[in-house]
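Novice: One structure coming up, written as structure tokens, with questions to follow.
The values are calculated or read from the model by the stated rules, or taken from the named source; none is laboratory data. Just so it is clear, the structure is predicted and the values come from calculations on it, not from any experiment. Cβ: placed from backbone, ideal geometry, glycine included. Neighbour counts: every protein chain shown. To get the accessible areas, we keep the full protein, side chains included, count just its heavy atoms, and leave off ligands, DNA and RNA. Shrake-Rupley method; radii C 1.70, N 1.55, O 1.52, S 1.80 Å.
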Amino acid sequence: MPKDDEPAEGRLRAEGRAPLSGAAPARAQVRRGRRRDRDDASGATAPRGRSDSADAAADRAGDRASGWASDRASDRASDRAAAARPMRRGSPLTRRILTVNMIALLIPILGLLYLGPYRDGLIAQELEALRTQGEIFSGALGEGAVEVLENGDEALNLVPARHMIRRLSDPSRVRARLFDGTGAMVADSRQLGSVGAVVQVEELPPPGAADDLVDPLTDFVGGVANLLDERRYELYSDPLEPTVEDFPEARAALLEGRIAERVRVEPDGDLILTVALPVQRYYQVRGALMLTRTGEEIEAAMGAVRVTIAMIFAGALVITVLMSLYLASTIARPIHKLAEAAERVRRTVGRESAELPNFSARDDEIGDLSAVLAEMTETLQRRLVEIERFAADVSHEIKNPLTSLRSAVETAARIKDPDQQKRLMSIIQDDVARLDRLISDISDASRLDAELSRSESAEVDLARMLAALTEMHEATRHEAEGDGADAKPPLTLSVAGDGPFLVRGTEDRLVQVFRNLIGNAASFSPPGGSIRLTLARRNGRIDAAVEDDGPGVPPAKLSAIFDRFYTERPESEKFGAHSGLGLSISKQIVEAHGGTIAAANRTDPAGRIRGARFTVTLPALG
């Protein structure tokens, strides 16, 4: 038997042909012992015509070359885009966490600073106290400042009235103004001398009462709170010679005899509270008393509460910022490190090993992300190694027929014998057909992953599918016998149990797996042998086995037969009829469906090999 890369002359001897005289050595790859593989990875018969096979091979090579160029252009565009997108030094996620937490803290704080109901309660209390004080004032004036005139009428005596107003208002820091029956102001606790004098008494804050730190903070917080206050009070004005017409509440007390109150605001924003009461004697209204008090105590109470809230807010803000930074450091920083590591992987993948930060010990989403990225990187590295190995295997497998083809073409140019030229042309056609088959199977294997990921999975009834394959095999076997061709071994199906035998997957690809296994079994079955399919369900998984009566598999090759381009075919089979990718593709399909495929030998009680068994195990549905 000739060896690999033997000249064409040796190949002719191996095939039982006469050697070509004067023929130059033609390189050819020949059989290397028994070779096991499927009939064909795609199930199609290789074209025999020289021009068709060569054109098809050239078209596929051109398509792959254009695809490679497109991928390289895409990689360069990706590199340029990554270069234009530098890694951030700051962390936008940290800023967002800080912003969200601060806004979440600021909203209730602003609501607390508003303190609308609390302020209304203080105002109501002050008005009630002012009203009570006014009733005492008006009662005293009615009893002690009303005199009886010579004509028997009663009128206010201004001298005692002024003294009483000044004496009563001084301790309580209340401004009291008295209006007579005509509506004119006749007494004012803040004015010295006669009515209408411009000298007024104003209370100054005590020395040293101002606080350079607290007062500005109080004013700022009060200003913010006033902006949030939707209520707008009437602006307070204080004419030099006021009358009841300037104060509606005093007019109501004088003319209607009822108690009236009003809340106003000064231009600087301070509150002014006023209560007007009628001055009566024996239910006769003799004048009107109006008491005025500033809202200093209210503002002081509000300011104290706001300062307390502001201090609490400052402390909460510090804690929030620290907690946000801690939260950001546990989220943004690991993600940033993972992003940097992923960028290094993108730049160095295929050239050197790049390790990702390991956060898998964290029991959260960051840990899950770290573990998944590490697995993805490992899978990517493994896939790149597989691609490199696949490329090397493809180069080796294609180089042999190309070398043989070139040698045969060079030899054909030197010989003149038509019979010898015809034999060389037969060799050339075989090599072209083998190249075409290799290219077809390599293309099928290279796009298998993408097709499996895009295809929609559905429920597949393995019992029904294997029954259809068995029926098809038997029908073609009988047709082959009728045409006088070599008889195929019979195929039987045995189903254990009632099922159901449902799996989730792509039926066309599963059919391809079992056609490959059945084809392999048929090619190795001896005359009179048979092929047996068995189907069983055990512990949530479905086992489908293909058995034959052939010579079995060398024990040392039970795992290697699933490698790409592994060939171990019968000696009687024509050279170059298989690419060596069938079982590799079958394993790839089964693993994509979450299953396993294994090879074993069938033995008799004496330990002699009686055939091979290929078992496909898939997860069951239901």
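Novice: Carbon and sulfur atoms: what percent of the 1.4 Å accessible area of the stretch 313-437 do they account for?
Specialist: It is 58 percent, rounded to a whole number.
Novice: Additional query: Students often check this: by mean Cβ neighbours within 10 Å, which of 133-141, 525-533 ranks highest, and how do the rest follow?
Specialist: Order by mean packing, descending: 133-141, 525-533.
Novice: Would you please put 429-436, 536-543 in order of how densely packed they are, using the mean number of other Cβ atoms within 10 angstrom per residue and starting with the highest?
Specialist: In decreasing order of mean packing, 429-436, 536-543 become 429-436, 536-543.
Novice: Taking a label point 7 Å from the Cα of Arg173 along the Cα→Cβ vector, which residues of the stretch 251-272 have an amide N closer than 15 Å to it?
Specialist: The answer is 271-272, whose backbone nitrogens lie closer than 15 Å to the label point.
Novice: Under the classification rounded if a/c is under 1.5, otherwise prolate if a/b is larger than b/c and oblate if not, where does the stretch 327-392 fall, given a ≥ b ≥ c as square roots of the Cα gyration tensor eigenvalues?
Specialist: prolate
Novice: When ligands, DNA and RNA are left out and all protein chains stay put, how many square angstrom of accessible area per residue does the stretch 401-452 have with a 1.4 Å probe?
Specialist: 43 Å²
Novice: Between His336, Ser324, Thr294, whose Cα lies farthest towards the positive end of the dipole of the stretch 289-362 when Lys and Arg beta carbons carry +1 and Asp and Glu beta carbons carry -1, centred on the Cα centre?
Specialist: Checking the options against the dipole of the stretch 289-362, the answer is His336.
Novice: Does a label point 7 Å from the Cα of Tyr282, set along Cα-to-beta-carbon, have any residues of the stretch 115-159 with amide nitrogen under 20 Å, and which are they?
Specialist: Answer for the stretch 115-159: 138-158.
Novice: In whole percent, and with a 1.4 Å probe on the protein chains, what portion of the accessible area of the stretch 503-542 is carbon and sulfur?
Specialist: 46 percent
Novice: Sticking with this one: Could you work out the relative contact order of the stretch 305-394? I mean the mean sequence separation of Cα pairs under 8 Å and 6+ apart, divided by the number of residues, in percent.
Specialist: For the stretch 305-394, the relative contact order is 19 percent.
Novice: Residues of the stretch 301-396: accessible area per residue at 1.4 Å, in Å²?
Specialist: On a per-residue basis, the stretch 301-396 sits at 63 Å².
Novice: Go through Met164, Met425 and list them by solvent-accessible area, largest first, probe radius 1.4 Å.
Specialist: Listed by decreasing accessible area, they come as Met425, Met164.
Novice: Using unit Cβ charges (K, R positive; D, E negative) and no other charged atoms, how large, in debye to the nearest 20, is the dipole of the stretch 121-189 about its Cα centre?
Specialist: Using Cβ point charges on Lys, Arg, Asp and Glu, the stretch 121-189 gives about 440 debye.
Novice: Label the stretch 489-551 by shape, choosing from rounded, prolate and oblate, from the square roots a ≥ b ≥ c of the eigenvalues of the Cα gyration tensor; if a/c is under 1.5 it is rounded, and otherwise prolate applies when a/b is larger than b/c, oblate when it is not. Provide the component values of the computation, followed by the final result.
Specialist: On the way: a/c = 2.88, a/b = 1.64, b/c = 1.76.
Oblate, because a/c is 1.5 or more while a/b does not exceed b/c.
Novice: So, one more: Is the shape of the stretch 258-369 rounded, prolate or oblate, going by the alpha carbon gyration tensor and its root eigenvalues a ≥ b ≥ c, with a/c under 1.5 for rounded and a/b larger than b/c for prolate?
Specialist: Prolate is the answer for the stretch 258-369, as a/c is 1.5 or above and a/b outweighs b/c.
Novice: By per-residue mean of other Cβ atoms within 10 Å, what is the highest-first order of 403-410, 333-340?
Specialist: 403-410, 333-340
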